[in-house]
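Okay, structure first, notes after.
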Amino acid sequence: MSIVYHEKTREFHLYNDKISYIFQIMRNGQLGQLYTGARLRDREDFSHLSELGFRDMAPCVYEGDRFFSLEALRQEYPAYGTGDMRYPAYELLRENGSRLSGFVYQSHRIYPGKPKLPGLPATYVEKENEAETLEITLKDELIGTELILSYTIYEAFPAVCRNACFRQTGEETVVLDEAMSLSLDLPDRDYDLVTLTGAWARERYVRTEHLREGAQEVYSMRGHSSHQFNPFLALKRPNADEKQGEVLGFSLVYSGNFLGKVNVDTYGVTRVLLGIHPEGFSWTLKPGESFQTPEAVMVYSSEGLSGMSQTFHKLYRTRLCRGSWRDKVRPVLINNWEATFMNFTEEKILNIARTAADLGVELMVLDDGWFGKRDDATSSLGDWYPDLSKLPEGITGVAKKVEALGMKFGLWIEPEMVNHESRLYREHPDWLLGEPGRPQCHGRNQFVLDYSKPEVVKGIGDMIAKVLREAPVSYIKWDMNRSMSEVFSKGRDAAFQGEVFHRHMLGIYSLYERLITEFPDILFESCASGGARFDPGMLYYAPQTWTSDNTDAVERLRIQYGTSVVYPLSSMGCHVSVAPNQQTHRNTSLKTRGETALFGVFGYELDLNILTEEEKEEVRQQIRFVKEHRKLIMTGNFYRLISPFEGDEAAWVVVSEDRTEALAGYYRQRQPANGCYQRLRLSGLDPEAEYQVSGFEGSFYGDELMQAGLVTSDEACGVSDTGVPQGDYQSRVFYPEKTLRKIFFHAKHGKYKNLFMKERTKL
């Protein structure tokens, strides 16, 4: 890992074993992009990678020079209106109405480690030698504004983290109308664009389309990262797939409005922009003030989409997630929502808890309905005190009774929302977002609190902290069930209104920070009507996220598959719910529901008391299996094998870092008639190692399992007496384990002792 500055050529080269990122200080003092991709051997001069050519109608910087045009040059952080007519990375408005600016190089510094971003989530280092950071200071002398571009490269990851900071050092007030976190110009357009799109209950579906001239984008203007689009995009070469080929991935560590845009000009140059959405954004910078953008993470992979995903997984799992729960296996939970909704008593909850404890569940979560007079969705949001008619001894009483059963206790909250029918609204109507005199939309009969106001953040925080101090709460599900509309902060001047979206998000982050600091042992799980805020920003505060409100096993194949493109399995809350499913009314077996939820943070959302004794025993076995393998699931390398977006099958596998064990899931949505023979080819195994696979006799070498595959043909292929369940919505889980590892394991338990000693002698 190194960051090198070549003074003679004024070039910067950021590189490690896998990636190079190279740019220069151009003739006019601005920064020009030279190369991004696989590691290049360092040299003093890469200027030949900057192409200058004469083009008619191109605006040129220097009189008499028809070659130096910003419209034809690849840049690092471009502006609009001074020669470059493409989409800009930023826009400044001066007091005189001018939107022209030009930031030129002043200085730079290179140092070990990675600084925090004040008030914002970001990746981090635990030791300074894990990464190096480059900060470049540029200045517009006419305005007196400084721009600091920050680049961090990790030693262990093919990733570059970027952000920008504007400081007004001049005497006039300026308005920042756009400030992207990342801009990258690439020399060609031969890429496919990969994005994650959807809606409520079908989040993060994988969409792939070839780049075309013009603009393609993903975005949110809903006040949160949204069900509709995720703050992520990737550019892959057309020949790249899951296993091979070049991929560039871009991810924004932010939870509010965002824009990810890819612009291809008519000369085939590709510009990638990622940051806060400029719509509804304007930030006033008075003399001495500054604005910090969120962090954007760029990942390079020469090993296809799986290589990109594995980098994001490990980086986000180990250097974005924080706290006492970062590296711990997560408890198996039971949530009462789909069992009781808001119609519960303490005894109903305890009845579920008693059965859950007997089956091996570790955490009982009490969902919506425990506070105020919350009997339906029309009331009590904001009244964060227990409803004693349901819980006579409050949260403290029910929590202690659950703990007496040998389980931990968890609680649902939705601290960003309020109902009109609530004590909080009656006492503080000015705490709501909205313009006086204008009607407001509701979502689920609720309205949005104005978290741009510190008094709101403090008031809600005080109520929730009081509950957590008084009761033994070990887990919090933090929900958010309403997009932001009618965004106006009461009592603030006109200039402030363009800051509300972002300040609101900063307020949410500050409340998270307060609570995780005061209660460091509580496991927080973020939620936003399921998956509307599944983004890297949330992972900084809560190491796992409610993946979707859709718990149907068949639909979850697509949702979990798409989510895994960026996010690690340790971040994905995955649960078994009732059948028929409450979202799709589909019937699937308890086996398939469990084997789908297995690949994530496992739990249940149903009334265990309505299950048959046979089903309860199956649950007990599922939980035992989860506990045996959850460390592997949490920390292993994940490979997508068969896409559910391309047919009726899906498959994936997670492989331990040392490749001694793996866990594969295979799923078939519809059973064919007289179908083809089937094989499942695994990935990530040691090709020279011998593995035993659960459900198969004998052993297989890793290369065989990856190249020839496991034979999964069954009665659907005309093979009789396989013992494999048949019909629609079936699943199978396979556990490959190195033979020698298995010998060691059994030796610890007194089995195969002689064989163990023999093998140990060989070693």
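Observations, loosely collected:
- Elements of type strands (runs of 3 or more DSSP E) in region 168-279, at least 3 residues being over 16 Å from the mean Cα position of the chain (by Cα): 174-186, 205-210, 214-220, 258-264, 270-276
- Of everything listed in (1) in the same structural domain as residue 732 (by TED's automatic domain parsing); (2) surrounded by 19 or more Cβ atoms within 10 Å (Cβ to Cβ); (3) farther than 23 Å from residue 729 by Cβ, the single unmet condition for residue 652 is (3).
- The set of residues from region 558-573 being surrounded by fewer than 24 Cβ atoms within 10 Å (Cβ to Cβ) and closer than 19 Å to residue 729 by Cβ comprises 558, 561.
- The set of residues from region 569-590 being in a loop (DSSP other than H, G, I, E, B) and on the phi < 0 side of the Ramachandran plot comprises 578, 579, 580, 581, 582, 583, 584, 586, 587, 588, 589.
- If the condition is being hydrophobic (A, V, I, L, M, F, W, C) and free of Cβ contacts under 8 Å to residues at least 24 places away in the same chain, then region 369-397 contributes 371, 388.
- Residue in region 76-87 that is nearest to residue 150 (Cα to Cα), counting only those that are under 34 Å from the mean Cα position of the chain (by Cα) and without any contact (Cβ under 8 Å) to a residue 40 or more places away in the chain: 79
- Picking from residues in region 461-485 that are within 27 Å of the chain's Cα centre (by Cα) and more than 24 Å from residue 364 (Cα to Cα), the one that is surrounded by the most Cβ atoms within 10 Å (Cβ to Cβ) is 482.
- Residues within region 539-554 that are among the β-branched types (Val, Ile, Thr) and within 15 Å of residue 412 (Cα to Cα), tallied: 1
- For region 368-383, the count of residues that are of a type in the set (Ser, Thr, Tyr), surrounded by 20 or more Cβ atoms within 10 Å (Cβ to Cβ), part of a loop (DSSP other than H, G, I, E, B) and within 33 Å of the chain's Cα centre (by Cα) is at least one.
- Only residues that are surrounded by 15 or more Cβ atoms within 10 Å (Cβ to Cβ) and over 32 Å from the mean Cα position of the chain (by Cα) were counted across region 661-674, and they come to 1.
- The one condition from (1) within 30 Å of residue 555 (Cα to Cα); (2) surrounded by fewer than 17 Cβ atoms within 10 Å (Cβ to Cβ) that residue 196 does not meet is (2).
Table: residues versus (1) among the aliphatic types (A, V, I, L, M); (2) more than 21 Å from residue 729 (Cα to Cα).
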| residue | (1), (2) |
| --- | --- |
| 608 | yes, yes |
| 631 | no, yes |
| 639 | no, yes |
| 642 | yes, no |
| 647 | no, no |
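- Criterion (not assigned by TED's automatic domain parsing to the domain that holds residue 181 and not polar (S, T, N, Q)) met by exactly one of 99, 55, 86, 94: 55
- Strands (runs of 3 or more DSSP E) contained entirely in region 1-75, each with at least 3 residues that are exposed (fewer than 12 other Cβ atoms within 10 Å of the Cβ) and in contact (Cβ under 8 Å) with a residue 12 or more places away in the chain: none
The values are calculated or read from the model by the stated rules, or taken from the named source; none is laboratory data. Note that the coordinates shown come from a computational prediction; the quantities given were computed from them, not determined experimentally. So basically every Cβ, Gly included, is an ideal-geometry build from the backbone, and we count neighbours across all protein chains shown.
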